[in-house]
Protein chains: 4
Amino acid sequence: MEHHQCSYLNKKENIKVRLSRIEGQIKGIEKMIEEGKYCVDVLNQIAAVRAALKKVGLIILREHTKGCVLNSKGTRKEEEKINELMELIEKFLK
Amino acid sequence: MEHHQCSYLNKKENIKVRLSRIEGQIKGIEKMIEEGKYCVDVLNQIAAVRAALKKVGLIILREHTKGCVLNSKGTRKEEEKINELMELIEKFLK
Amino acid sequence: MEHHQCSYLNKKENIKVRLSRIEGQIKGIEKMIEEGKYCVDVLNQIAAVRAALKKVGLIILREHTKGCVLNSKGTRKEEEKINELMELIEKFLK
Amino acid sequence: MEHHQCSYLNKKENIKVRLSRIEGQIKGIEKMIEEGKYCVDVLNQIAAVRAALKKVGLIILREHTKGCVLNSKGTRKEEEKINELMELIEKFLK
């Protein structure tokens, strides 16, 4: 398998802190469901976790664009990297 | 504090299974970051978790609409429940 | 064909004003494309029109929920109206 | 004012055809509102136009990334072009 260099190394700690917080929020939602908390309060938490995940995604997307995509300029990989980026953006728009 | 009856009781087990899977996926992403996996693979996982959370949200939103919102018809709570529902929909659209 | 009563009558003028503004914005974008305006400026306009359309959608969705959906409570149409509402919300989440 | 070269020139005709179709759809929605058509049918049309606009946006975003963003690599504009791209992606995620 082709080895890809990851571009988010300098943001790794920040991303890990955010993901661990998100994991805690998911556990919190599981507890709310267990306790039968009001639907609206649960839904607000779910929306907050989706927003937090989107933020993590945008941090990585930025580093990926600056690194992998820009570095592909003029190489035979350029079209592939652009395609990958656009597919990701479409997935995040869903 | 006013006690709200939650409408998703009959979907509780289904929701809990989905949330526990999501928790596992978040742990998986943390591991990918730790190992410096390729940005695009990480981003695809994040998009998948957001989609799974949206699905859980829609399950609860449906039960909430069928239960809390419909049951408020003709009561002094009707406007409040409609407002709550619309605010939630806007949050999920972000 | 079954005749449905529309629930947004009391918002009709407001919605028409918003749609005519949106139509003008679309014409403006066509002009920008014709003049080869900078991509980012065009994209900002497209995002603004999508946001304006979402707003119109939420106005109608609110009236529909208050009217058609709530009025279906306890009738044989209830499940159908809930299904319709959830399908719409999913479409707007895309 | 700084003159930006637009990157979508080779897609101009395709974009114009799409925008003119969208303009027609907006007119169609205005007519539906005038005739008091069923909310769900109107909302489905609004969702369709938003999807069509997103498609136009993604076409331009792709050309912009291939052109303006990639061409900024190694220049003093690089950071600015990355910032612009990420702001656009966030706007489209709303």
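Suppose you put the label 7 Å out from Cα in the Cβ direction; list, shortest first and in nm with one decimal, how far A:V17 is from each other copy's label. So the distances to the same position in the other copies read 3.8, 4.6, 5.1 nm.
With Rg and the Kirkwood Rh both taken from Cα atoms, where does Rg over Rh land for segment B:11-92?
Values: Rg = 17.3 Å, Rh = 14.8 Å.
Radius of gyration relative to Kirkwood radius: 1.17.
Ranked from shortest, the separations from the 7 Å Cα-to-Cβ label point of C:E80 to its equivalents in the other copies are 3.3, 5.3, 5.9 nm. Near D:Y38, no amide H atom lies under 5 Å from its own; only residues 5 or more places off or on other chains count, and H is placed 1.01 Å from N. Each copy carries a label point for B:K37 at 7 Å from Cα along the beta-carbon vector; from one copy to the others these points are 2.8, 4.2, 4.5 nm apart, nearest first.
Considering only C-alpha atoms, what is the centroid distance from segment D:44-60 to segment A:64-94, in Å? Taking the Cα centre of segment A:64-94 as reference, the centre of segment D:44-60 is 22 Å away.
Which of the residue pairs A:K11/D:K16; B:K27/D:K77; A:K54/C:K73; B:K91/D:K55; A:K12/B:K54 have a Cα-Cα distance greater than 31 Å in the structure shown?
Details: A:K11/D:K16 40 Å; B:K27/D:K77 37 Å; A:K54/C:K73 36 Å; B:K91/D:K55 23 Å; A:K12/B:K54 26 Å.
Violating the 31 Å Cα-Cα cut-off are A:K11/D:K16; B:K27/D:K77; A:K54/C:K73.
When only DSSP loop residues count, what GluC sites (Glu not before Pro) in segment B:2-94 have their Cβ near at most 13 other Cβ atoms within 10 Å?
B:E2, B:E35
Would you tally the net charge around B:I82, using a Cβ to Cβ cut-off of less than 9 Å, leaving B:I82 out, and scoring K and R as +1, D and E as -1? If you can, show how the numbers build up before the last one.
Values: positive: B:K81, C:R62, C:K66; negative: B:E78, B:E79, B:E80, B:E84.
The answer is -1.
If I take R0 = 25 Å and measure r between the Cβ atoms of D:K11 and D:N44 in this structure, what FRET efficiency does the formula 1/(1 + (r/R0)^6) give, to the nearest 0.05? Intermediate results must be reported in sequence, preceding the final value.
Details: r = 28 Å, r/R0 = 1.11.
Taking R0 as 25 Å, the efficiency between D:K11 and D:N44 is 0.35.
We did not get these values from a lab; they are worked out from the coordinates using the rules stated. Just so we're clear, the structure is a prediction, and the values are computed from it rather than from any experiment. Neighbour counts run over all protein chains shown; Cβ positions are idealised from the backbone, glycine included.
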